[in-house]
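Report on the structure given below.
Only the coordinates and a few stated rules stand behind these numbers; no lab work does. Keep in mind that this is a model prediction, so the values were computed, not measured. Backbone-built Cβ (ideal geometry, glycine too); neighbour counts: all protein chains shown.
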Amino acid sequence: VRRVTIPMLELWKRDGRRLVMTTAYDAVTARIASPIVDVILVGDSVGNVCLGFDNTLPVSVAMMNHHVEAVARSKPRALLVADMPFLSFHLSIEDTIRNAGGFLRRGADAVKLEGGTKRLEMVRALVDCEIPVMGHLGLTPQSVNVMGGFKVQGQKADDALRLLDDAHHLQEAGCFALVLEGIPAELAARATETLTIPTIGIGAGPACAGQVLVLHDLLGLVEGRRPKFVRSYVDGFDLLQTALSRWAADVREGAFPSADESYHLPESAGPAVAN
Ligand code: KIV
Ligand code: NA
């Protein structure tokens with residue numbers, strides 16, 4: 001099957017074909033997602049979704065490497081983007097290139113990093129090293145402490161203008177796409193209209209060139225309150241737990257395993273034994 005490439009994304013935006021991106025963190029979730037979506041993101045959301053952290057700040061490059069490798073081993077058809085975790089693109093250009101290059105060596109096609117004008121130097125340095133970069137603006141979860149929580153961004157006129165300015169600077173710096181998270185739909189529409197690179201929205205309304213949701217949110221695997229931009233298509237937690245409880249009941253009743261689900265000595269496999 002033909003792999004998705006970065007030049008395809010811009011063509012699709014021009015043709016009005018909406019991009020579909022979701023997250024995967026291991027080979028199983030990548031195999032579920034890859035035939036369906038255009039882009040797979042190994043998000044630093046792995047921290048809260050899979051690793052039990054309250055936010056994405058504790059996620060390290062070593063943790064991300066582990067998950068990028070697992071997803072890459074599934075050889076996805078979808079474009080594979082690795083998220084740069086907190087402090088992996090802040091310290092120096094050299095450190096940033098080494099971290100991002102490490103993701104590409106592990107099989108990622110591109111990296112994503114949060115932030116606007118402050119991060120332009122790092123974006124340019126990566127693009128100069130042939131490392132494709134996806135930007136990420138708005139409610140950027142690595143800024144949770146500065147934002148004072150997970151709050152919608154860009155609602156005040158000057159914040160909205162700054163976001164548009166950041167978006168255009170990221171495009172000029174060479175980003176091939178831009179995630180817009182937790183901003184008014186009208187602002188995301190304006191960004192989408194005025195940029196040539198595709199925008200990929202999450203809690204950013206329907207006008208974006210594409211949409212992204214965390215896989216475990218889509219599949220109903222995350223417990224607790226969900227933000228309103230999440231649409232769950234299955235109560236996966238309930239579904240899987242019900243299946244597990246049926247197996248547990250079978251074990252407790254002695255109904256698992258059956259003879260067919262067991263190995264037998266050769267001498268017991270006579271004509272009377274169904275196999
Ligand atoms: O880490 C993540 O899952 C993300 C997406 C929600 C865009 O950054
Ligand atoms: Na992320």
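Details
- Of all DSSP beta bridges in the chain, antiparallel share, percent nearest 5: 0
- Residue among 157, 245, 212 farthest towards the positive dipole end of the chain, charges placed on Cβ: 157
- Folded to 0 to 90 degrees: helix 157-173 orientation relative to the chain principal axis, Cα: 80
- Sequence ranges 161-172, 208-219, ranked by mean other-Cβ count within 10 angstrom, highest first: 208-219, 161-172
- Net charge of the neighbourhood of residue 22, taken over other residues with C-beta under 11 Å away and scored Lys/Arg +1, Asp/Glu -1, is -2.
- Protection proxy ranking for 33-46, 133-146, using the average of other Cβ atoms within 10 Å per residue and placing the highest first: 33-46, 133-146.
- Crossing angle, helix 93-105 versus the chain [Cα axis fit, 0-90 degrees, rounded to tens]: 40
- Histogram of C-alpha separations across the chain, 5 Å bin width, %: 1, 6, 12, 15, 17, 16, 11, 6, 4, 3, 3, 3, 2, 1, 1, 0, 0
- For the chain, the relative contact order is 15 percent, taking Cα pairs closer than 8 Å that sit 6 or more residues apart in sequence and dividing their mean separation by the residue count.
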